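Novice: After the structure tokens below, expect a handful of questions from me.
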Amino acid sequence: MSRLTAAERVAAARHPQRPNITDTIGALFTDFFEQKGDRLCREDPAILGGIALYHGRPVTVIGTRKGKTAEESIRCNFGMPGPEGYRKALRLMRQAEKFRRPVLTFIDTSGAYPGLEAEARGQGEAIARNLMEMSRLTVPVIAVITGEGNSGGALALGVADRVLMLENAVYAILSPEGFASILWKDAARHAEACDLMKLTAPDLLALGIVDDVVPEPEGGAHLAPELVFQELDRALSRHLAALLKESGGSLAEKRYQKFRKMGVPPKEES
């Protein structure tokens, strides 16, 4: 593990050149076929999803997309999906279950879009439905936190059998700035909030929130993305191989119990 502070890891997770979902698909998958639209309202570019081959096996790949250039970031709403994006993701997950394809999600978002129009179109319901439906899937589900994983916008793709996290990614209920604004009425104290929130990969691994941490080069994944993809490929292959041995009913039950146990303190021995 690198010795970066929590605030430095947040900065690394937000680096504009950090590998994104399109980079990941290009590095780890072949024959990617993008599928668009939620079949109800419209297409949301903030979530990219489709079918691909992973070491020859058909899988469904879904990821939040921030964009690297100013133009792409605006088109993708800076990685903040609306309800249509989450409904598109759910449509693809249901399709994956129908055809018995594993689901691999890649999360990098500051959160779901908080705008009035998104709430008017059912943002809260869309996220809640994803949580419910993902908990019931009978195919293997692996989620990877690749950058920022904030709020329900991240969790809507994160109810998985295995949750992996890149070493300098972060995963939290909201941004450090938002946390500081609520707790101290001072967003400038965000570095202090980073330490309190336990949002880094080592913290979350120790707490049992994530299942594995994927190493990054010193300074961040953007410095040597090919090395990160090699490590991520090893981790995905290992966890997917184990999950493919489980029955559908066993996967759903273990996934349910995994999330039910989060936050429950261990029983003290008498």
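The values are calculated or read from the model by the stated rules, or taken from the named source; none is laboratory data. All figures in this text were calculated on a predicted structure; none of them were measured in a lab. Heads up, the Cβs are rebuilt from the backbone with ideal geometry, glycines too, and the neighbour counts pull from every protein chain shown. SASA here: full protein model, heavy atoms, side chains in, ligands and nucleic acids out. Shrake-Rupley method; radii C 1.70, N 1.55, O 1.52, S 1.80 Å.
Novice: Identify, please: which residue in region 134-189 is of a type in the set (Lys, Arg) and more than 12 Å from the chain's Cα centre (by Cα) and is, among those, farthest from TYR54 (Cα to Cα)? Talk me through it step by step, then tell me what you get.
Specialist: Quick first cut of region 134-189, residues of a type in the set (Lys, Arg) only: 136, 162, 185, 189.
Imposing the further condition that a residue be more than 12 Å from the chain's Cα centre (by Cα) reduces the set to 136, 185, 189.
Numbers: ARG136: 23, LYS185: 47, ARG189: 43 Å.
The extreme case among them is LYS185.
Novice: I'd like to check something: does region 59-72 contain any residue that is among the β-branched types (Val, Ile, Thr) and surrounded by fewer than 16 Cβ atoms within 10 Å (Cβ to Cβ)?
Specialist: We begin by selecting, within region 59-72, every residue among the β-branched types (Val, Ile, Thr); these are 59-62, 64, 69.
From what is left, the residues that are surrounded by fewer than 16 Cβ atoms within 10 Å (Cβ to Cβ) are 69.
Scanning region 59-72, I find at least one residue that is among the β-branched types (Val, Ile, Thr) and surrounded by fewer than 16 Cβ atoms within 10 Å (Cβ to Cβ), so the answer is yes.
Novice: Can you find, within region 21-42, the residue that is most open to solvent (accessible area, probe 1.4 Å) among those that are out of contact with any strand residue (DSSP E or B) (no Cβ under 6 Å at 6 or more places or on another chain) and at pLDDT 95 or above?
Specialist: Within region 21-42, the subset out of contact with any strand residue (DSSP E or B) (no Cβ under 6 Å at 6 or more places or on another chain) is 22-23, 26-28, 36-42.
Adding the requirement that they be at pLDDT 95 or above leaves 22-23, 26-28, 36.
On the way: THR22: 58, ASP23: 53, GLY26: 63, ALA27: 55, LEU28: 21, LYS36: 117 Å².
Ranking the qualifying residues of region 21-42, first place goes to LYS36.
Novice: Right, something else. How many residues does region 1-37 hold that are aromatic (Phe, Trp, Tyr) and free of Cβ contacts under 8 Å to residues at least 24 places away in the same chain? Working first, answer last.
Specialist: Residues of region 1-37 that are aromatic (Phe, Trp, Tyr), as a first pass: 29, 32-33.
From what is left, the residues that are free of Cβ contacts under 8 Å to residues at least 24 places away in the same chain are 33.
Residues that pass the stated criteria total 1.
Novice: Right, here's the next one. Would you check if SER135 is closer than 19 Å to VAL59 by Cα, surrounded by fewer than 24 Cβ atoms within 10 Å (Cβ to Cβ) and among the hydroxyl-bearing types (Ser, Thr, Tyr)?
Specialist: Details: closer than 19 Å to VAL59 by Cα: yes; surrounded by fewer than 24 Cβ atoms within 10 Å (Cβ to Cβ): yes; among the hydroxyl-bearing types (Ser, Thr, Tyr): yes.
Yes.
Yes/no per residue for (1) in contact with a helix residue (DSSP H, G or I) (Cβ under 6 Å, 6 or more places away or on another chain); (2) at negative phi:
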{"position": "GLY147", "(1), (2)": "yes, yes"}
{"position": "ARG162", "(1), (2)": "yes, yes"}
{"position": "MET165", "(1), (2)": "yes, yes"}
{"position": "ALA172", "(1), (2)": "yes, yes"}
{"position": "ALA191", "(1), (2)": "yes, yes"}
{"position": "PRO202", "(1), (2)": "no, yes"}
{"position": "GLY208", "(1), (2)": "no, no"}
{"position": "GLY219", "(1), (2)": "no, no"}
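Novice: Right, next: Of all residues being under 17 Å from PHE33 (Cβ atoms) and hydrophobic (A, V, I, L, M, F, W, C) in region 96-124, which is most open to solvent (accessible area, probe 1.4 Å)? Just the residue, please.
Specialist: It comes out as PHE99.
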